[in-house]
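Please read the structure below before turning to the comments.
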Amino acid sequence: MINLRQKLERQCKLALMRAFPKACDGGKLSGKPINPQLVRTNNPEFGDYQINAALQLTKILKKAPRDIATSIVTELTKNEEFASICDSPKIAGPGFINLTIKPERLIQELITRLEDNRLGIPLAETNDGKRITDPIIVDFSSPNIAKEMHVGHLRSTIIGDSIARVLEFRGHNVLRLNHVGDWGTQFGMLINHLKSVAPEALTKANAIDIGDLVNFYRKSKERFDSDNNFRERSREEVVNLQNGDPTSLKAWKLLCKQSRDEFQKIYDRLDVRLTERGESFYNEYLQDVVDDLDALNLLVKDDGARCVFLEGILGKNNKPLAIIIQKSDGGFNYATTDLAAIRYRLNPSPKGDGACRVIYVTDSGQSNHFNGVFQIADRANWIPTGKKIEHVPFGLVQGEDGKKLKTRSGETIKLKSLLDEAVNRAEFDLRRRLKEEDRKESESFIKLVSETVGIGAVKYADLSQNRITNYQFSFDKMLALHGNTAPYLLYAVVRIAGIVRKGGSLATIPKQLEFTEKQEWDLVKELLKFDDAINDVEEELLPNRLCNYLYELCQVFNRFYDQLPVLKAKGSSKSSRLALCLMTTNTLKLGMNLLGIPTLERM
RNA sequence: GGGGCUGUAGCUCAGCUGGAUAGAGCGACGGUUUCCUAAACCGUAGGUCGUGGGUUCGAGUCCCGCCAGCCCCGCCA
C-alpha cells in the first residue's frame, strides 16, 4: 500500500508541523527534519500503521510523550483526507499512535488492483514523473569458456535473473550481461591442444564437435602440467591470440561457440535470458585504462608491476594494498578488465552503454576485489554523479554437512546433474503420490509437473534465503511439500485453479465487495502488501523479501481456504471470495514469475 | 598479520529507516476430513538473539572490545 502510506506520511508531517511549528522549523534548520516515524505495526491489535514520533520528541519538546501524541492526533483528525483514510487514531502504550485503515478504503484499493493488470505496481519514474530510460546493467552468471557450469554458477544465475526480472517489471531497461571468462592464459593451452588433436577443425567449417569440453579441458591441462614443450608452445599461443593471428583466433572462436551452446542448454532449461559479452570485449579498452590512470598519477610501479595503492585498506607489512593494473610482463589482469568494463558501461552511447546503475551479482569472496576496483574507478572520476555501481554478494553453497558442496568423491557438482536430480526426485515423489491416490495422469503431465516442481524448488530454495549468508543445499528440504518451499506455493495456485474447475468463475470482477470474516480481511490486507514487497526487492536487491511475502500470502490464503467455503458461499459473499481468489492467484503467478518460476494449474 | 561476512529455538532460516509480548518451517507431542486437491489447517512444548561494554525514553537491529566459524589478501578470475 505504498500510495496510501505516502498519503498518510504527508498527513502525519502536516500534523506534526501544525502541532509543533517551532520544533519543526528548528529541525529544518539543523538539517534533521522531524520525521513522523510512520511504520507498519507488527501486531494487528495495534492497527495497520503506527506513528512513533511522539516518543522521540520528548527530549526536544520537553513534554510527556502521551501529551505529544495527543497533540498530533488532534491535528490529524482535523484533516479531511486523513479522516477519509483512517479511523480515529488511538494512543497506546508509552505514546504510540495506532492507525487503522478504513475497511471501505481497503476495498477500494483492492478493486483498483483487481482491474489493473500490473496489480498496482507502478512503473519506475524519476522524481519529476518521467520514465527512466537509462539502462540498468545486471552482470550475472558469468561461467568460464571451456568449462562446464557447476554449482558455483547456480546462485549468481538464479539471483541475478530474479533481480533483472523485478527491475524489468518495474519498467527499467535492463541489460543482462553474461561476463563470461573468454580470455586469458588458459586459452593458450586449449588452442594448442585443439591444434594437435583436431587440426582439421581449423581449416574446414563445422569439421568437429569437441563434445565433452570438460574432458578436453582436463586433457590439455594434464599436458600443460607435464610437458615442458607443450607448455612453451602454449605460451606462444597466448601471444598469437593476442596479436590477432587468424588461425588462433579461429580456434578460440570455435571453443567459445562450443561452450556457448552448452551454456545455452542450461539457460533454456532455467528460462534465463542473457546477453553474452565476455571479458575479451574489453580488450581494446585496456590500454586506455592504464594510460588514463597513469595520467591521473594513480599508477605506481612496484616490483615490476604497475599498481594502484588503495586508500584506507592495508595489505601486508602495513603497506596500502596494491591492485595490479599491468603485470610486469606488460599483460593486464582482471582488475584492468573490470575497470574497462565500468567505464564502458557508464559511458554514454555510442561509446558505451550509458547505464545509470550497474549491479554485479557474484559471490562474496569477491567483495575485496570489487571494493578495490570501485575505489579506483571513483578516484579516477569514472563514476558520474547520480550513477551507481554495486556489488550484490552472496554466500557459498554448502552441503548438509556445512562444508562446500561436493560430490561424494570430492568433485565439483555439475549444474546439469544437480538440476536432473531435483527433477528426478520430484518425479519419483509425484508417481508415488499418483499411485497412492489412484490417479491416472499422462506422461506429458508427469514430465511437465516434475520439471516445474524440480527446477522451481531449486530456484526457490536459493532465492528464499537471505543471499548474504552461506546457503545449505538440501534436496529434501527444497522439495518438501510443507514450509517455505516452491511446492507449497505452487499448491496454493493449484487450489485456486481447482475452484475454477469446480464452477467458480474468476472472469468477472464484482463491482461491490463485501467481507465479514476475519480470514477475509486478513487476506485483503496481505494482498495489498504486494507492492511493498516488490519495492523492497528493487531497493535492497534481496529477492528473499519477495519469497517471504509470497509464503505469508499462501499461509493466509490457506487459512482462508480451509476455514471458509468459496463455492458454497451465498450471494455477494461468494463473488467477493472469488475476487479474493482471483487477486491471490494473480499475485502468486506474477510474484513467482518475478522469481523465474512458472506455475501450474494442476499438480 | 590485514580485510570482509556470519553467529537468533534441537536443526534450517525470517526479522524491512532502532519501537510495544523476537517469528516461521522442519523435528517432537496432540487434534481436525459427509465439504472447492489433507501436498492443507488448528493447538502444545522449545530462545539470557555468541559474549562484555557503550549510545538511547527504548537495542536482535547502531558504536567499541573479545570469542567462534567461513571467505579473501600483487602479477589466476
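The values are calculated or read from the model by the stated rules, or taken from the named source; none is laboratory data. Quick caveat, the model's predicted, so the values are computed rather than measured. Cβ sites come from the backbone with ideal geometry, for glycine too, and all protein chains shown count toward neighbours. Ligands, DNA and RNA are excluded from the accessible area calculation, which covers all protein heavy atoms including side chains. Shrake-Rupley method; radii C 1.70, N 1.55, O 1.52, S 1.80 Å.
Considering only protein heavy atoms and a 1.4 Å probe, what is the carbon-and-sulfur percentage of the accessible area of region A:186-271? Display every interim value, and only then the final one.
Working: 2280 of 4810 Å².
Answer for region A:186-271 is 47 percent, counting heavy atoms of protein chains only.
In straight Cα distance, which lysines are under 20 Å from A:Lys253, not counting same-chain residues fewer than 8 positions off?
A:Lys147, A:Lys195, A:Lys204, A:Lys219, A:Lys221, A:Lys265
For a bin width of 10 Å, list the pair-distance distribution of chain A built from all Cα-Cα distances, rounded to whole %.
Once binned at 10 Å, the Cα pair distances of chain A give 3, 13, 19, 22, 19, 13, 7, 3, 0.
I need the calculated FRET efficiency for the pair A:Glu540 and A:Asn43, taking r as the beta carbon distance and R₀ as 22 Å, to the nearest 0.05.
Once rounded, the FRET efficiency stands at 0.40.
Explain nothing, just the number: dipole magnitude of chain A about its Cα centre with +1 on each Lys and Arg Cβ and -1 on each Asp and Glu Cβ, in debye rounded to the nearest 20. Numbers along the way, then the final one.
Details: 87 positive and 80 negative charges, 269 e Å.
Here chain A has a charge dipole of around 1300 debye.
Over all pairs of distinct alpha carbons, what does the Kirkwood formula give as the hydrodynamic radius of region A:502-603, in Å?
14.4 Å
Please find the FRET efficiency linking A:Arg431 to A:Arg501, where r is the Cβ-Cβ separation and R0 is fixed at 30 Å, and quote it to the nearest 0.05.
It comes out at approximately 0.85.
Using DSSP to define loop residues, name the trypsin sites (Lys or Arg not before Pro) in region A:155-206 whose beta-carbon has at most 16 other beta-carbon atoms within 10 Å.
A:Lys204
Classify region A:415-595 from the C-alpha gyration tensor, please: rounded if a/c falls under 1.5, else prolate or oblate depending on whether a/b exceeds b/c. Provide the component values of the computation, followed by the final result.
Values: a/c = 2.43, a/b = 1.30, b/c = 1.87.
Here region A:415-595 falls in the oblate category.
Please go through the residue pairs A:Lys477/A:Lys518; A:Lys257/A:Lys404; A:Lys511/A:Lys570 and name each one whose alpha carbons sit more than 24 Å apart in this structure.
Among A:Lys477/A:Lys518; A:Lys257/A:Lys404; A:Lys511/A:Lys570, the Cα-Cα distance tops 24 Å for A:Lys477/A:Lys518; A:Lys257/A:Lys404.
Between region A:248-326 and region A:523-601, what is the C-alpha centre distance in whole Å?
Comparing the Cα centres of region A:248-326 and region A:523-601, I get a distance of 43 Å.
Testing the spin-label approximation: label points 7 Å from Cα along Cα→Cβ at A:Lys511 and A:Glu80. State their distance in nm.
Modelled inter-label distance: 2.6 nm.
Straight-line reach from A:Lys316: which lysines fall under 21 Å, measuring Cα to Cα and dropping same-chain residues less than 8 apart?
Counting by Cα, and skipping residues close in sequence, A:Lys316 has these lysines nearby: A:Lys301, A:Lys327.
So what is the calculated 222 nm ellipticity per residue for chain A, using -39500 (n - 2.57) for each DSSP H run with n of 4 or more, over all residues, to the nearest 500 deg cm²/dmol? Intermediate results must be reported in sequence, preceding the final value.
Details: 22 runs with 320 residues, N = 603.
Calculated at 222 nm, the ellipticity per residue is -17500 deg cm²/dmol.
When the dipole is taken about the Cα centre of region A:1-152, and only Lys, Arg (+1) and Asp, Glu (-1) are charged at their Cβ, what size is it in debye, to the nearest 20?
760 debye
Identify all lysines with a Cα-Cα distance to A:Lys130 below 21 Å; exclude those on the same chain that are fewer than 8 residues away in sequence.
Answer for A:Lys130, where 21 Å is the Cα cut-off: A:Lys7, A:Lys387, A:Lys388, listed by chain and number.
Tell me, Kirkwood radius of region A:462-513 from alpha-carbon pair distances, in Å?
13.9 Å
Compute the Rg to Rh ratio over region A:2-101 from the alpha carbon atoms, using the Kirkwood formula for Rh, and round to two decimal places.
0.94
Per residue, how many Å² of accessible area does chain A show with a 1.4 Å probe?
Working: 29560 Å² over 603 residues.
For chain A, the per-residue accessible area is 49 Å².
Counting just the Cα atoms, what span does region A:57-174 cover along each of its three principal axes? Round to the nearest Å and put the largest first.
For region A:57-174, the Cα extents along the three principal axes come out at 71, 40, 28 Å.
If the chain between A:Lys327 and A:Thr407 were fully stretched, how many nm would it gain, using 0.36 nm times the residue separation less the Cα-Cα distance?
25.1 nm
Between A:Gln56 and A:Ile313, how many nm apart are label points set 7 Å from Cα along the C-beta direction?
It works out to 3.3 nm between the two label points.
Can you pull the Rg over Rh of region A:186-271, Cα-only, Kirkwood?
A ratio of 1.00.
Which longest uninterrupted range of chain A lacks any GluC sites (Glu not before Pro) assigned by DSSP to a loop state (not H, G, I, E or B) and surrounded by at most 10 other Cβ atoms within 10 Å?
For GluC sites (Glu not before Pro) (loop position, at most 10 other Cβ atoms within 10 Å), the longest site-free span of chain A is A:116-410.
So what J values fall out for region A:440-448 if you push phi through Karplus, 6.51 cos²θ - 1.76 cosθ + 1.60 with θ = phi - 60°, rounded to Hz, Gly and Pro as x?
So the Karplus estimates, Gly and Pro as x, are 10, 9, 6, 4, 5, 4, 4, 5, 4 Hz.
Between A:Asn3 and A:Asn558, what is the label-point separation in nm under the 7 Å Cα-to-beta-carbon projection?
Taking the simple label geometry, A:Asn558 and A:Asn3 are separated by 3.3 nm.
For a quick check: with amide H placed at 1.01 Å from N, whose amide H comes under 5 Å from A:Arg467's, ignoring anything fewer than 5 positions away on the same chain?
The list, which skips near neighbours in sequence, is A:Asn544.
Pairing the Cα long axis of helix A:334-346 with the longest principal axis of chain A, what angle in degrees results, from 0 to 90 and rounded to the nearest 10?
Taking the Cα atoms of chain A, the angle to A:334-346 is about 50 degrees.
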